[in-house]
Amino acid sequence: MLICAVERGKEVFIPNGSFQLAAGDRISIVAQPRDASLFFRRIGEHTSPVRQIMLLGGGRIAYYLAAQMADFGADVKIIEQDYAVCRNLAEALPNVTVIHGDGTDHLLLSQEGIEEMDAVATLTGLDEQNILMSLYAGQVSKAKIITKITRDSFEDIVENMDVGSVFYPRYIAAEAVVRYVRAMANSTGSNVETLYSIVGDKAEALEFRVSQGSRVSGIPLQDLRTRPGILIGSIHRGARVFIPRGQDTIEEGDSVVVVTTLPN
């Protein structure tokens, strides 16, 4: 298991061997799924498979999310105010329970079992409504909370609020565009295959393939000269994916994930 990024207040650090964690730090890790589960158990964080999901709002995000979760065998409920939308969802998603109602109605949420949910996502088109519903869901359940926020101006407001994981659709769209541009650049000599923005778009995880004759090949990572703020997160070699140590080397043909902060 490797800690690849640490968010401390407004700053993001890519830790090296001498970095010390502090109370309140928010960390990102790289690990095999089995090792990640073991890590969470050892630090006292309970993790369990998500079986029951409630989506508040029946837009396009809810439709695609519900379809995928139902395919995974989850029990999904969608609560939507618009009756016509409910009818369309019910016809398109036969394995999903669609309920015509107001997601801010506490009695309705209780009747539909919000207290027993493993995950609740607030996906309406109103940021204020999503925040309020997420706060309520966090109070009455132990569910994983996901909150959709549209406006960037809300970022500072929700940062210190207990609204679970916050996502911004426009950031996701921008990330998809960036990945496409990087893929196009691939045909003109770039080795970058995949790029993801992480830690609130303050850092990047890039995957690149080591080309023949690369100057980094065969050098132990502890001896590899790199600029500060770069961390080798994982190496994919043949059928094996591993978290590298200082004695490991990068070889030709490897697919390497690098985590780095964005330039100011």
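A short reminder: the numbers here are calculations on the coordinates, not readings from a lab. This one's a predicted model, so the numbers in the text were calculated from it and none came from an experiment. Note: ideal-geometry Cβ built from the backbone for every residue, glycine included; neighbour counts use all protein chains shown.
Couplings for the range 227-235, taken from phi via the Karplus curve 6.51 cos²θ - 1.76 cosθ + 1.60 with θ = phi - 60°, read 6, x, x, 10, 9, 7, x, 7, 10 Hz in order; Gly and Pro are left as x.
Model label points for residue 38 and residue 83, set 7 angstrom from Cα along the Cα-to-Cβ axis, are 5.7 nm apart. When chymotrypsin sites (Phe, Trp or Tyr not before Pro) are flagged only if DSSP places them in a loop and at most 16 other Cβ atoms lie within 10 Å, the longest unflagged stretch of the chain comes out as 73-264. Here, the chain is characterised by an Rg to Rh ratio of 1.02, where Rg is the alpha-carbon radius of gyration and Rh the Kirkwood radius. Sequence-ordered 3J(HN,Hα) estimates for the range 109-118 from the Karplus curve with 6.51, -1.76 and 1.60 and θ = phi - 60° stand at 4, 5, 4, 8, x, 4, 5, 9, 6, 8 Hz, glycine and proline given as x. Just report the Cα centroid separation between the range 1-29 and the range 242-264, whole Å. Centre-to-centre distance over Cα atoms comes out at 18 Å. Computed from label points 7 Å out along Cα-Cβ, the spacing between residue 51 and residue 219 is 5.2 nm. A simple rule links phi to the HN-Hα coupling: the Karplus curve 6.51 cos²θ - 1.76 cosθ + 1.60 with θ = phi - 60°, which for the range 192-207 gives 6, 9, 9, 9, 10, 7, 9, 6, x, 6, 9, 8, 10, 10, 10, 10 Hz, with x for Gly and Pro.
Taking every alpha-carbon pair within the range 79-149, the share separated by more than 14 Å comes to 61 percent.
From Cα pairs below 8 angstrom and at least 6 apart in sequence, can you work out the relative contact order of the range 110-151, rounded to a whole percent? Walk me through the numbers on the way to the answer.
Numbers: 60 pairs, mean separation 20.4, N = 42.
Across the range 110-151, relative contact order equals 49 percent.
Separation of the range 72-144 and the range 42-68, taken as the distance between their Cα centroids, equals 11 angstrom. Computed log10 I(q)/I(0) for the range 1-55 at 0.16, 0.31 Å⁻¹: -0.63, -1.23, from the Debye equation with unit scatterers placed on every C-alpha and solvent omitted. Between amide H atoms placed 1.01 Å from N, distances below 5 Å from residue 219 occur with 250, all of them 5 or more places distant or on a separate chain. Between residue 51 and 118, the built amide H atoms are under 5 Å apart, and every one of these is 5 or more places off in sequence or on another chain. For residue 5, enumerate residues with amide H under 5 Å from its amide H, sequence gap 5+ or separate chain, H modeled in the peptide plane. Counting only residues 5 or more places away or on other chains, the set is 28. When DSSP beta bridges are restricted to pairs lying wholly in the chain, around 60% turn out antiparallel. The stretch between residue 251 and residue 105, if pulled fully straight at 0.36 nm per residue, gains 46.8 nm over its current Cα-Cα span.
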